[in-house]
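K.L.:
Pasting a structure below so you can have a look.
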Amino acid sequence: MRTTGRGAIAIVVCLSLGPTGPADAETYLLRADGYLDVAAGRVVSPAIVLIDDDKIVAINPPAPPAGASTVDLTGLVLAPGLIDVHTHLTYEFTGDWRHRFVHETEVDAALRGVKNARRTLLAGFTTVRELGAFAGGADVALMHAIERGDVIGPRIVPARQSISITGGHCDTTGFAPGILEGGPEDGTADGVAEVLRAVRYQIKYGAKVIKICATAGVLSFEGPVGAPQYSMAELRAAVEEAHRHGLKIAAHAHGTEGIKMAIRAGIDSIEHGSLLDDEAIDLLLEHDTYLVTNIYPPGVFDYDSLPPQLRAKAEYVFPRREESFRRAVAAGVKMAYGTDAGVYEHGLNAQQLAVRVGLGMSPIDAIRSATVNAADLLGIEDLGAIAPGLLADLIAVAGDPLEDVTVFEDVRFVMKGGTVVKRP
Ligand SMILES: [Zn+2]
């Protein structure tokens with residue numbers, strides 16, 4: 001039996017669901033001013049949502065069952081729990097980040113992740129895809145701790161270690177030989193055989209998605225930011241292996257040529273997608289590939305903290321990434337919402353909704369990118385909308401999100417899988 005509630009008003013409801021249901025399930029009635037129908041793109045009023053155990057069972061039922069715990073959300077609008085498909089919960093780009101991997105272990109990363117998972121969930125993000133952070137299996141351990149209920153956090157789809165060429169973006173560079181050198185188990189893999197070993201190893205130890213670094217990066221010390229890093233043969237091997245296991249594969253890709261190679265290899269999502277030309281946009285459309293552009297909100301990213309070589313890359317790439325995003329939106333490329341949280345402070349994930357709207361995306365499409373589209377990219381069918389039969393991941397905000405997406409920056413109520421984690 002689960003109990004929730006604050007102080008003296010703890011609420012406990014038990015329903016017998018018969019032999020097929022859980023012995024003790026909790027039923028909630030959420031009463032709000034309206035709810036966001038993401039598919040239709042409108043707010044429906046009023047909203048009485050019936051939750052039983054971890055699922056939504058009815059919306060505006062004619063006769064709400066007696067005995068359900070009512071949560072009064074007057075003045076608020078319900079929306080699906082938000083999904084961020086590109087986070088680094090176990091990482092923080094702060095302090096002496098360059099040397100962190102020499103001084104700390106994956107245990108430190110996991111414990112850092114506990115704090116950030118909580119922040120992210122309370123900010124309204126009930127699911128995240130954790131795309132690698134040089135931290136071994138910290139993200140997998142965090143996922144397990146959340147599933148057990150030991151700590152609170154979003155549902156996690158972990159990548160474990162990102163796959164990178166030796167000296168590439170997702171390898172750790174800048175040190176003397178012998179320091180932080182890794183093999184396929186750590187994600188560093190050259191040639192088809194090592195790539196296969198790297199993918200299989202991550203899956204063996206809990207990865208639910210594969211991340212491969214197809215091009216050089218911004219916040220790393222290797223060569224030109226746009227340069228492709230993996231060959232077609234290596235990319236294809238990684239894609240086929242991930243898909244053989246039923247997993248999606250995401251490619252870190254800034255440069256035009258590397259983006260095209262990754263799409264042609266069958267990658268499921270292009271992360272960053274900074275330097276798109278017309279052909280890259282056509283390929284995204286043709287292959288039905290998701291684009292996950294992250295555009296940091298103004299002021300959150302500290303350019304002054306960067307060594308000159310990295311600062312130059314950031315100042316070159318970031319404005320071009322905004323332009324690429326505008327063009328991709330105009331062309332109708334499929335978008336999922338990924339923030340790269342961890343490169344800046346965790347818990348501010350919703351701020352990129354307004355950034356996207358400012359770059360030409362409609363509010364409903366920005367919201368869809370963080371709900372239905374994100375669920376589709378993750379391959380989780382029962383997430384991303386408010387409808388009977390779906391998982392009860394719901395949030396509530398103070399205002400009409402279709403008029404002002406910044407209402408998501410101050411989420412008042414959070415329910416994940418039928419459990420209330422934040423109340424007004
Ligand atoms: Zn990232």
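Each value in this text was obtained by applying a stated rule to the coordinates, not by laboratory testing. Being a predicted model, the structure only gives us computed values, none of them experimental. Neighbour counts run over all protein chains shown; Cβ positions are idealised from the backbone, glycine included.
K.L.:
Calculated FRET efficiency, ALA387 and ASP365, Cβ-Cβ r, R0 22 Å, to nearest 0.05?
P.N.:
0.70
K.L.:
Continuing with this model, one more query. Say each of ASP410 and LYS115 gets a label point 7 Å from the Cα, pointing the same way as Cα to Cβ; how far apart are those two points in nm?
P.N.:
The two pseudo-label positions are separated by 2.6 nm.
K.L.:
Name the GluC sites (Glu not before Pro) in the range 354-424 that are in a loop by DSSP and that have at most 11 other C-beta atoms within 10 Å, would you?
P.N.:
Here the GluC sites (Glu not before Pro) that fit, given the DSSP loop and packing criteria, are GLU381, GLU403.
K.L.:
Can you give the net charge of the other residues whose Cβ lies under 9 Å from the Cβ of THR293, counting K and R as +1 and D and E as -1?
P.N.:
Working: positive: ARG321, ARG356; negative: GLU271, GLU322.
Result for the local shell: 0.
K.L.:
Related question: Positive end of the charge dipole of the range 82-196 (Lys, Arg +1 and Asp, Glu -1 on Cβ, about the Cα centre): tell me which of TYR91, GLY178, GLY153 has its Cα farthest that way.
P.N.:
It is GLY153, whose Cα lies furthest towards the positive end.
K.L.:
Please list 115-124, 191-200, 130-139 highest first by mean number of surrounding beta-carbon atoms within 10 Å per residue.
P.N.:
Top of the packing list down: 130-139, 115-124, 191-200.
K.L.:
Here's another thing I want to ask about it. Hey, what angle do you get for helix 256-265 against the long axis of the chain, alpha-carbon based, 0 to 90 degrees rounded to 10?
P.N.:
Rounded to the nearest ten degrees, it is 70.
K.L.:
Kindly rank 163-170, 45-52 from highest to lowest mean number of other beta carbons found within 10 Å of each residue.
P.N.:
Highest-to-lowest ranking by the protection proxy: 163-170, 45-52.
K.L.:
With the dipole of the chain worked out from charges on the C-beta (+1 for Lys and Arg, -1 for Asp and Glu) around the Cα centre, which of LEU348, ALA216, PRO61 lies farthest toward the positive end?
P.N.:
It is PRO61.
K.L.:
About its Cα centre, how strong a charge dipole does the chain have in debye, to the nearest 20, once Lys and Arg get +1 and Asp and Glu get -1 at the Cβ?
P.N.:
620 debye
K.L.:
Please give the FRET efficiency for ALA312 paired with ALA40, using the beta carbon to beta carbon distance and R0 = 45 Å, rounded to the nearest 0.05.
P.N.:
Details: r = 46 Å, r/R0 = 1.02.
After rounding, the FRET efficiency stands at 0.45.
K.L.:
In addition: Provide the gained length on full extension for the span THR166 to VAL192, in nm with one decimal, where the gain is 0.36 nm per separating residue minus the Cα-Cα distance.
P.N.:
Result: 8.0 nm gained on full extension.
K.L.:
Considering only the other residues whose Cβ falls under 14 Å of the Cβ of ALA385, what net charge follows from Lys and Arg at +1 and Asp and Glu at -1?
P.N.:
On the way: positive: ARG42, LYS55, ARG368; negative: ASP37, ASP376, GLU381, ASP382, ASP393.
For residues surrounding ALA385, the net value is -2.
K.L.:
Follow-up question, since we're still on this one. Percent relative contact order of the chain, based on C-alpha pairs within less than 8 angstrom and at least six residues apart?
P.N.:
Here the relative contact order equals 18 percent.
K.L.:
Along the charge dipole of the chain, which of ALA370, VAL292, ILE51 sits closest to the positive end, that is, farthest toward it, with unit charges on the beta carbon of Lys, Arg, Asp and Glu (+1, +1, -1, -1)?
P.N.:
Among ALA370, VAL292, ILE51, the one farthest towards the positive end of the dipole of the chain is ILE51.
K.L.:
Taking the Cα centre of the range 178-265 as origin, work out the dipole magnitude from +1 charges on Lys and Arg Cβ and -1 charges on Asp and Glu Cβ, in debye rounded to 20.
P.N.:
Working: 10 positive and 10 negative charges, 102 e Å.
That gives a dipole near 500 debye.
K.L.:
Related question: Just to confirm my numbers, what's the Cα centroid distance between the range 372-424 and the range 83-160 in Å?
P.N.:
Cα centres, the range 372-424 to the range 83-160: 21 Å.
K.L.:
For the chain, what is the Kirkwood estimate of the hydrodynamic radius, computed as the reciprocal of the mean inverse distance between distinct Cα atoms, to one decimal in Å?
P.N.:
With all distinct Cα pairs of the chain included, I get 21.9 Å.
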